[in-house]
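The next block holds one structure in the form of structure tokens; read it before the comments.
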Amino acid sequence: MNRFSDDFGNGWLTQGYAANLDLSETNNHIEIRMDVPGIQPEEIDVEVSGNLLRITGERKEEHEEKGKMFHRMERRTGSFSRSVTLPCDVEEDQIEANCENGVLTITLPKCESMKPHKINVKPVAK
């Protein structure tokens, strides 16, 4: 029963493909890295609207090859959709998305007003 629960919780029994991601932040930008093995860059859509980022795509099903009998087929196929609420406003026209070696990296520059600003402390004049 534990194995069934673990498999179900990991999306093994659900339809589609579950794409995992990491979201990190620096002083200047937000970065999202998502595992998308076997998915071509042109099969991925990235949209941002306000503070909501949506990533959709599809891992295509491979067609069975003639003369080959499969004993096991565990690799997941299907479409995925992930929505992420961003922690701050970003410069929508400067967002970059790259896909290399099965990892999608999205860099979202923060709006200038969201970046930390250093405040100089001045002595009081007497």
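The values are calculated or read from the model by the stated rules, or taken from the named source; none is laboratory data. Values in this document were obtained by computation on a predicted structure and should not be read as measured data. Glycine gets a Cβ as well: all are built from the backbone with ideal geometry, and neighbour counts include every protein chain shown. Areas reflect the complete protein model, heavy atoms only, side chains present, ligands, DNA and RNA absent. Shrake-Rupley method; radii C 1.70, N 1.55, O 1.52, S 1.80 Å.
Structure notes:
- Scanning the range 20-57 for residues that are among the polar types (S, T, N, Q), open to solvent by 80 Å² or more (accessible area, probe 1.4 Å) and part of a strand (DSSP E or B) gives a single hit, Ser49.
- The range 102-116 residues that are in contact (Cβ under 8 Å) with a residue 60 or more places away in the chain, paired with ones that are of a type in the set (Lys, Arg) and assigned to a strand (DSSP E or B) (beta carbon under 6 Å, 6 or more apart): Val103/Arg33; Thr105/Arg33
- Residue tally, condition over 19 Å from the mean Cα position of the chain (by Cα) and either modelled with pLDDT of 85 or more or surrounded by 15 or more Cβ atoms within 10 Å (Cβ to Cβ) (or both), over the range 7-19: 0
- Lys66 open to solvent by 60 Å² or more (accessible area, probe 1.4 Å) and either within 21 Å of Ile32 (Cβ to Cβ) or not β-branched (Val, Ile, Thr) (or both): yes
- Neighbours by Cβ (under 7 Å, 6+ apart or cross-chain): first from the range 17-44, within 26 Å of Ser113 (Cβ to Cβ); second open to solvent by 70 Å² or more (accessible area, probe 1.4 Å) and assigned to a helix (DSSP H, G or I): none
- For the range 95-109, the condition holds for no residue, the condition being that it is among the acidic types (Asp, Glu), open to solvent by 60 Å² or more (accessible area, probe 1.4 Å) and part of a loop (DSSP other than H, G, I, E, B).
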